[in-house]
Amino acid sequence: MKNFFSIVLFLLVILYASPASAEETNRVIVQVTDDKGNQAVDSVLIEEVGELERVKILQPDYIRFISLQESGAETKSWGMIRIGAPRMKTMTSSIEGSVVVAIIDTGVDYTHPFLKDRIVDGYDFLDNDTNPMDKHFHGTHLAGIIADTTPANVKIMPIRAMDAEGRGYDSDIATGIRFAVDNGADVINMSFLGEDYSPFLAEAIDYALSNNVPVIVAAGNESADTDNFYPASEEKVIVVSATDKMDHIADFSNTGNSIDVSAPGIDIYSSVPGGRFASYSGTSMAAPFVSGLAAMLKLEDPMRSVEEIEGLLKRYVDDRGAIGWDPLFGEGIVNVTGYEQVQVIQDGTATTFVPFPEQRSVPLDANWTITFDRPLTEGDVVDIKVLRGNKEVPITRTFSGENEIMIAPLKPLLPNTAYRFLLFVEHGMDYEMKFVTGD
């Protein structure tokens, strides 16, 4: 066994110290099996692998990093005005309840006067405690952007997964993502990147998305193609490039096929540790503007799916660059000045619904009868959908009379689950009823 691991270690040193990686890692992610057959995943130093028994090496524990650009002496916020946040901020300020944006970064100075009333419990995955104090400044700056962009009922969950130098291992970041999802985060902001694709980190991102938590990612500041970086190359997340006050793409901003939208990222004034404020530039600053908008969309309708939120963010943009999508701006610079409450349904189209009263404790074997105010004819086009998140629930449709349609799910509904009942009438109104099943 020792001879085997000495060979593995030799190969690891060659593989993981490759000069092609800007941030060389000294750790690997392993799966360890104990005497009873129980398996656990851990991150260990490469030189410690040979001391472990019944271990399977999964992948290098890659290092992600943050980067910033030189900034001018900006002393007021301009980004939140540019994206039209004030109107939506007012629209959502009186909504009961709250949503949570998890910032996976260097931590947050939760004692900062601008932030202290907006913080919910987070975690420090470097020191393994509940004190995610920012020992850099990056995470606090991102938190201030979100706080400035959103009303007080949008809260911030600080997740410290990056050290005082702005570097963090995939293992801590992935664990932070899962913690955020399991502890009530509604949106996740990740303003960092690295050069290597990580299946371990990708699985954690999938975990967030499968739990209906949008993940907003900075494109990076290398003036390069996002295909060369992760998670900026991840197609499943919302990737944000940076723009300046003249609506030009920032000269440092990464661009490429994965760009979804763009947002202000030059001379962004926000909070830093110690109760102070400062200006910084970077796609790191652009991403939280989008995270703030996503949070307000969630606040307005907690049942909105990841796909719906992405669709709305791409709908409310100022198109710049080439007409339509392009690899610099994506769909355009986010701007919700003209936002009206809409829903984006499964096929990606947007519509305004007339709401029916929301229903609670709906039986799992529920069925509905829709009665129209006149007999239906062959020329009447009526479409009915029942959705759980963005997934359509199979239903049966039965005409029970000249002006009635009976609707029933093919299988019992899931307990304690939110659904949407949508009714589309061609040349008429579209209707929506939200409902939650009982036990």
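Odds and ends about this structure:
- Among residues of segment 83-113, those that are touching a helix residue (DSSP H, G or I) at 6+ places or on another chain (Cβ under 6 Å) and assigned to a loop (DSSP other than H, G, I, E, B), counted: 5
- All strands (runs of 3 or more DSSP E) inside segment 220-322 with 1 or more residues being farther than 23 Å from GLY184 by Cβ and without any contact (Cβ under 8 Å) to a residue 24 or more places away in the chain: 276-280
- Looking only at segment 386-424, residues that are buried (at least 16 other Cβ atoms within 10 Å of the Cβ) and within 18 Å of PRO375 (Cβ to Cβ) come to 2 in all.
- Residue check for SER191: touching a Phe, Trp or Tyr at 6+ places or on another chain (Cβ under 8 Å) and either over 25 Å from SER305 (Cβ atoms) or modelled with pLDDT of 95 or more (or both): no
- Strands (runs of 3 or more DSSP E) enclosed by segment 120-200 - at least 2 residues per element that are farther than 24 Å from MET88 by Cβ: 154-160, 167-169
- The residues on offer are THR226, THR150, THR175, and the sole one that is more than 14 Å from the chain's Cα centre (by Cα), crowded, with 24+ Cβ neighbours inside 10 Å, under 20 Å from ASP121 (Cβ atoms) and among the hydroxyl-bearing types (Ser, Thr, Tyr) is THR150.
- Beta carbons closer than 7 Å, at least 6 apart along the sequence or on distinct chains, pair a first residue in segment 49-77 that is touching a residue at least 60 places away in the same chain (Cβ under 8 Å) with a second that is basic (Lys, Arg) for ASP61/ARG27; ILE63/ARG167; PHE65/ARG167.
- Filter result for THR398 (farther than 30 Å from LEU209 by Cβ, in a loop (DSSP other than H, G, I, E, B) and either hydroxyl-bearing (Ser, Thr, Tyr) or at pLDDT below 85 (or both)): no
- Top-ranked residue in segment 54-67 [being buried (at least 18 other Cβ atoms within 10 Å of the Cβ) and aliphatic (A, V, I, L, M); ranked as farthest from the chain's Cα centre (by Cα)]: VAL55
- If you check ALA232, ALA180 for being crowded, with 24+ Cβ neighbours inside 10 Å and either within 17 Å of GLU310 (Cα to Cα) or not hydrophobic (A, V, I, L, M, F, W, C) (or both), only one passes: ALA232.
- Within segment 285-319, considering residues that are of a type in the set (Lys, Arg) and in contact with a strand residue (DSSP E or B) (Cβ under 7 Å, 6 or more places away or on another chain), the one nearest to VAL101 (Cα to Cα): LYS298
- Checked against (1) farther than 29 Å from ILE173 by Cβ; (2) in contact (Cβ under 8 Å) with a residue 40 or more places away in the chain, SER94 passes all but condition (2).
- Within segment 362-381, the set of residues being part of a strand (DSSP E or B) and either of a type in the set (Ser, Thr, Tyr) or at pLDDT below 75 (or both) comprises THR369, THR371.
Yes or no, residue by residue, for (1) in the same structural domain as ALA161 (by TED's automatic domain parsing); (2) within 9 Å of ARG160 (Cβ to Cβ); (3) surrounded by fewer than 18 Cβ atoms within 10 Å (Cβ to Cβ); (4) touching a strand residue (DSSP E or B) at 6+ places or on another chain (Cβ under 7 Å):
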| residue | (1), (2), (3), (4) |
| --- | --- |
| GLY72 | yes, no, yes, yes |
| ILE81 | yes, no, yes, no |
| SER93 | yes, no, yes, no |
| GLY97 | yes, no, yes, no |
| ALA102 | yes, no, no, yes |
| HIS112 | yes, no, no, yes |
| THR130 | yes, no, yes, yes |
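- Hits in segment 19-72 (condition: acidic (Asp, Glu) and closer than 28 Å to ALA224 by Cβ): GLU23, GLU24, ASP61, GLU70
The values are calculated or read from the model by the stated rules, or taken from the named source; none is laboratory data. What you see is a predicted model; the values in this text were computed from it and never measured. Positions of Cβ are generated from backbone atoms using ideal geometry, with glycine treated the same way; all protein chains shown enter the neighbour counts.
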